[in-house]
Amino acid sequence: MCPNCNVPITTRVEHEAGTMTWMLCCFVSIFLLCCNFTKDVIHYCPICQHLLGHYRRPCSSRIVMFVALVIGIPIILNILLAMADSHRYYG
């Protein structure tokens, strides 16, 4: 129920790029701006447009693991490729 217009409603949801989205965008990929799972969520009344709530995404352990994998896998692959090149025998 909307506290402003006292009508039972289902909120209208909007997604907004917040701190978490911009951090992931800088460290991982700009394409995360297209994903709603990284954005803050804002709830409005669909009738009177009153702001009902704002959920700011916290830095969860899943997101930290995702960032670590995205950054860590290419580094590990480059190290392994460099090690493989240094051990080649050119006889």
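When you scan segment 54-61, do you find a residue that is loosely packed, with under 11 Cβ neighbours inside 10 Å and part of a helix (DSSP H, G or I), even just one? Scanning segment 54-61, I find at least one residue that is loosely packed, with under 11 Cβ neighbours inside 10 Å and part of a helix (DSSP H, G or I), so the answer is yes. Which count do you get for residues in segment 1-21 that are of a type outside the set (Gly, Ala, Ser) and either surrounded by 14 or more Cβ atoms within 10 Å (Cβ to Cβ) or touching a strand residue (DSSP E or B) at 6+ places or on another chain (Cβ under 9 Å) (or both)? Result for segment 1-21: 13. Here segment 1-18 is the region considered, the condition is being part of a strand (DSSP E or B) and more than 30 Å from Gly72 (Cα to Cα), and the residue that is nearest to the chain's Cα centre (by Cα) is Glu14. On the stretch given as segment 22-35, residues that are over 20 Å from Ile73 (Cβ atoms) and surrounded by fewer than 13 Cβ atoms within 10 Å (Cβ to Cβ) total 1. Summed over segment 36-53, residues that are more than 15 Å from Glu14 (Cβ to Cβ) and exposed (fewer than 12 other Cβ atoms within 10 Å of the Cβ) total 0.
For segment 74-90, check the following and say yes or no: at least one residue is touching a Lys or Arg at 6+ places or on another chain (Cβ under 6 Å) and among the hydroxyl-bearing types (Ser, Thr, Tyr). For segment 74-90, residues touching a Lys or Arg at 6+ places or on another chain (Cβ under 6 Å) and among the hydroxyl-bearing types (Ser, Thr, Tyr): absent. If I filter segment 33-42 for residues that are more than 24 Å from Met1 (Cα to Cα) and in contact with a Leu (Cβ under 8 Å, 6 or more places away or on another chain), do I get at least one hit? Yes, there is a match, as at least one residue in segment 33-42 is more than 24 Å from Met1 (Cα to Cα) and in contact with a Leu (Cβ under 8 Å, 6 or more places away or on another chain). Only one of the numbered conditions (1) assigned to a helix (DSSP H, G or I); (2) free of Cβ contacts under 8 Å to residues at least 24 places away in the same chain; (3) polar (S, T, N, Q) is violated by Thr21, and that is (2).
Only the coordinates and a few stated rules stand behind these numbers; no lab work does. Because the structure is predicted, anything quoted here is derived from the model rather than measured. Note that we place each Cβ from the backbone using ideal geometry, even for glycine, and neighbour counts take in every protein chain shown.
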